[in-house]
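The values are calculated or read from the model by the stated rules, or taken from the named source; none is laboratory data. All of these numbers come straight from a predicted model, not from anything done at the bench. Here the Cβ is made from the backbone with ideal geometry for all residues, glycine too, and neighbour counts use every protein chain on show. Calculation scope for accessible area: heavy atoms of the full protein, side chains included, ligands and nucleic acids excluded. Shrake-Rupley method; radii C 1.70, N 1.55, O 1.52, S 1.80 Å.
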Amino acid sequence: MDKICVITGATSGIGWEVAHQMAKKGYVLKVIGRSEQKGEDLKQSLLKQDAAVDFEYFVADLSSIKDVKAVAEKINASVDHIDALINNAGGVFSDFELTEDGVEKTMANNHLSYFVLTHALLNKLKAAEEGRILLVASRSHLRAGMDFESFTTKKNYNIMRAYAQSKLANVLFGYQLTRYLADTNISSFIIHPGVVKTPIGAKSKSWLHRTVWSLFARFMYNTTPEASAKNYVYLATEKEAKAHNGFYFSAGLIEKSSALSYDQKLQEKLWDWSELKAGVKWE
Ligand SMILES: NC(=O)c1ccc[n+]([C@@H]2O[C@H](COP(=O)([O-])OP(=O)(O)OC[C@H]3O[C@@H](n4cnc5c(N)ncnc54)[C@H](OP(=O)(O)O)[C@@H]3O)[C@@H](O)[C@H]2O)c1
């Protein structure tokens with residue numbers, strides 16, 4: 001049976017490397033990205049690595065609930081099972097923006113997309129011999145709180161606060177997801193990839209944010225996309241990784257996440273909010 005991997009955010013940075021490494025392991029790749037051109041660039045690069053690569057690209061803006069649901073439907077129609085779902089796409093937003101769904105863009109892009117996509121692809125993960133789900137969070141969640149009012153209003157908007165909050169949402173979702181998936185064939189993992197030199201901050205609309213980020217990336221990064229991707233691939237593919245189901249990994253090692261992230265009531269509150277906002281119901 002083919003091994004199939006769905007990955008978001010593979011047109012750049014860490015995800016680009018993850019796609020190449022998963023392809024090297026022989027996985028069929030179903031990649032979701034927002035740019036046709038970047039999808040083509042990725043395809044050409046993968047073909048250069050291995051002319052026999054099995055690759056399909058799906059265009060979607062992951063900050064749109066409608067787009068996430070539509071792309072999941074297309075992927076579901078193209079596979080009979082999914083071995084690994086790598087929720088990796090993420091971004092930072094200089095200015096407050098509301099999506100078409102009325103959600104603050106960072107929360108929509110970085111959290112709701114994981115929530116909706118994972119829910120929509122779950123049956124195919126259950127159909128795999130052993131399903132794996134990766135949720136890429138960030139160490140920045142350690143400083144974050146959860147202010148539900150800010151999910152839909154401009155209240156105290158700040159680029160890094162919004163980013164850290166969305167990454168705390170990834171961790172909260174991850175722990176609740178592990179409980180939800182208990183007694184299934186699916187394992188899930190939460191990842192902080194390290195401080196990785198990628199263009200994530202360079203995509204900010206603000207000149208100031210771009211400059212600060214590039215200085216930070218130049219002096220503070222502690223790992224490369226290639227090295228970081230190896231940790232993803234280990235968790236997504238290796239048999240023994242299953243023993244670490246439900247843990248938070250920081251740069252490849254199990255670590256404790258923030259005290260707040262273990263708050264079960266908060267996890268449930270976020271889950272309920274996400275279900276309501278996204279119009280999905282986990283049975
Ligand atoms: N780099 C770090 O130090 C670091 C640290 C902690 C956590 N992380 C997390 O690691 C993950 C990967 O980040 P990275 O550093 O590799 O950044 P990156 O190079 O900017 O990659 C982000 C990927 O997500 C895609 N993406 C973002 N918003 C999207 C949307 N609305 N629809 C579709 N695709 C979208 C981007 O597409 P485009 O190519 O079209 O932009 C890109 O492929 C993110 O979740 C990030 O929060 C990174």
Q. For the residue pair Asn76 and Asp183, what label-to-label distance in nm results when each label sits 7 Å from Cα along the Cα-to-beta-carbon direction?
A. 2.4
Q) Over the alpha carbons of the stretch 67-148, what is the largest minus smallest coordinate on each principal axis, giving the biggest first in Å? A) 40, 29, 19
Q | For Phe55, distant residues with modelled amide H under 5 Å away | A | Leu29
Q | Arg210 versus Ile254: modelled label distance in nm, points set 7 Å from Cα along the beta carbon direction | A | 4.3
Q | Separation in nanometres of the label points that stand 7 Å from Cα toward Cβ, at Asp41 and Glu149 | A | 4.1
(Q) Can you say what percent of the DSSP beta bridges in the stretch 4-278, counting only those with both residues inside, are antiparallel? Round to 5. (A) 10
Q: For the stretch 202-210, take each phi angle, set θ = phi - 60°, evaluate the Karplus expression 6.51 cos²θ - 1.76 cosθ + 1.60, and give the result in whole Hz per residue in order, putting x for glycine and proline.
A: 6, 8, 5, 6, 8, 4, 4, 5, 4
Q) Which whole-Hz ³J(HN,Hα) couplings does the stretch 177-187 yield from phi under the Karplus relation 6.51 cos²θ - 1.76 cosθ + 1.60, θ = phi - 60°, glycine and proline marked x? A) 4, 4, 5, 4, 8, 4, 6, 10, 8, 10, 10
Q) Counting pairs of alpha carbon atoms under 8 Å apart in space and at least six apart in sequence, what relative contact order in percent does the chain give? A) 19
Q.
Given a 1.4 Å probe and heavy atoms of the protein chains only, how would you sort Trp282, Trp16, largest accessible area at the top?
A. Trp16, Trp282
Q: Kindly rank 260-272, 161-173 from highest to lowest mean number of other beta carbons found within 10 Å of each residue.
A: 161-173, 260-272
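Could you tell me the ratio Rg/Rh of the stretch 85-126? Both radii from Cα atoms, Rh via Kirkwood.
1.06
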Q.
Ignoring ligands, DNA and RNA, please state the percent of accessible area on the stretch 242-283 from carbon and sulfur, probe 1.4 Å.
A. 58
Q: For every helix of n ≥ 4 consecutive DSSP H residues, a contribution of -39,500 (n - 2.57) applies; sum these over the chain, divide by its total residues, and give [θ] at 222 nm rounded to the nearest 500 deg cm²/dmol.
A: -13500 deg cm²/dmol
Q: Would you please put 188-200, 205-217, 71-83 in order of how densely packed they are, using the mean number of other Cβ atoms within 10 angstrom per residue and starting with the highest?
A: 188-200, 71-83, 205-217
Q. Taking only the alpha-carbon atoms of the chain, what semi-axes of the equivalent ellipsoid follow from 5 times the gyration tensor eigenvalues under a square root, in whole Å, largest first?
A. 26, 22, 19
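So what are the stretch 126-245's ellipsoid semi-axes, whole angstrom, largest first, if each one is the square root of 5 times an eigenvalue of the alpha-carbon gyration tensor?
Rounded to whole Å, the semi-axes are 30, 21, 10.
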Q: Please name whichever of Gly39, Ser64, Ala251 sits farthest to the positive end of the charge dipole of the chain, dipole taken about the Cα centre and charges placed at Cβ: Lys and Arg +1, Asp and Glu -1.
A: Ala251
Q | Whole-number Å³ per residue for the convex hull built on Cα positions in the stretch 1-107 | A | 98
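Residues of the chain: accessible area per residue at 1.4 Å, in Å²?
Accessible area per residue, the chain: 45 Å².
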Q: Report ³J(HN,Hα) in whole Hz for each residue of the stretch 258-274, in order, from the Karplus equation J = 6.51 cos²θ - 1.76 cosθ + 1.60 where θ = phi - 60°; Gly and Pro get x.
A: 5, 4, 4, 5, 8, 6, 5, 5, 5, 4, 5, 5, 5, 4, 5, 4, 5
